[in-house]
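Reading through the structure tokens given below for one structure.
The values are calculated or read from the model by the stated rules, or taken from the named source; none is laboratory data. Because the structure is a prediction, the values reported are computed rather than measured. Note: ideal-geometry Cβ built from the backbone for every residue, glycine included; neighbour counts use all protein chains shown.
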Amino acid sequence: MLLEVFVDADAMPRDALQTILKMAPEHGARVVTVSSIAHDVRSQEHITVDSSPQATDMKIISLIQRRGSTLVITQDYGLAALALGKGAAALSPTGLEFTDQNIDRLLLERELSAKQRRATGRSKGPKARTEADGERFRDALQRILERLSPGASR
């Protein structure tokens, strides 16, 4: 069974993408990046979608075929929730593994933050990516790839 890694490349940090493109093939994984036409992404297997809202997310969800042998890498909690619902693993570029146990809380926090931004009109924007984020991501990616790789005991 082939391990597949689908990358939401619309807002993927460059160092995280390079880590994925290096590590995943070492585990026999097929890596597919997906982004809208507004982003210039270079990878061996890349799919470009139109710039309509959610086009990248819907394309990735449509590509998930096999339960237990797919990893979706995204910053988007909604896409992560949909991927989990289809039996895929999901990981953020900061190293947070999305799970059935944490996704509802994360979605609720996202909604509360959006409500707060609408009420105040203020947004801090995302935190700057740190070296610790990169290390946490590499460690989590390694762990998940080992767990999902063909022949791994589940």
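Run down L106, L112 and say which single residue is farther than 23 Å from I20 by Cα, in a helix (DSSP H, G or I), at pLDDT below 95 and under 15 Å from the mean Cα position of the chain (by Cα). It would help to see each step written out before you state the result.
Numbers: L112 fails: under 15 Å from the mean Cα position of the chain (by Cα).
On inspection, the qualifying residue turns out to be L106.
Could you check, for the range 92-100, whether at least one of its residues is within 12 Å of the chain's Cα centre (by Cα) and assigned to a strand (DSSP E or B)? Before you say what the answer is, go through the steps one by one.
The initial filter retains those residues of the range 92-100 that are within 12 Å of the chain's Cα centre (by Cα), namely 92-98.
From what's left, assigned to a strand (DSSP E or B): 97-98.
Yes - at least one qualifying residue is present in the range 92-100.
May I ask you to say which residue of T120, T74, T130 is modelled with pLDDT of 85 or more, farther than 20 Å from A24 by Cβ and of a type in the set (S, T, Y)?
Residue meeting the stated conditions: T130.
Tally time: how many residues in the range 66-82 are touching a residue at least 60 places away in the same chain (Cβ under 8 Å) and farther than 19 Å from R14 by Cα?
As a first pass, look at the range 66-82 and keep what is touching a residue at least 60 places away in the same chain (Cβ under 8 Å): 66, 68-76, 79.
Going one step further and asking which of them are farther than 19 Å from R14 by Cα, we end up with 66, 68-70, 79.
Looking only at that region, the number is 5.
Conditions tested, residue by residue: (1) surrounded by 15 or more Cβ atoms within 10 Å (Cβ to Cβ); (2) among the polar types (S, T, N, Q); (3) touching a strand residue (DSSP E or B) at 6+ places or on another chain (Cβ under 7 Å); (4) more than 16 Å from A140 (Cβ to Cβ).
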site	(1), (2), (3), (4)
A55	yes, no, yes, yes
I60	yes, no, yes, yes
V72	yes, no, yes, no
D76	yes, no, yes, yes
L79	yes, no, yes, yes
L84	yes, no, yes, no
L96	yes, no, no, no
D104	no, no, no, yes
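Quick check on the range 24-44: of everything there that is of a type in the set (G, A, S) and either under 14 Å from V5 (Cα atoms) or under 16 Å from the mean Cα position of the chain (by Cα) (or both), which residue is surrounded by the most Cβ atoms within 10 Å (Cβ to Cβ)?
In this case the residue turns out to be S35.
Among the residues of the range 54-75, which ones are under 16 Å from L148 (Cβ atoms) and small (G, A, S)?
The answer is G68, S69.
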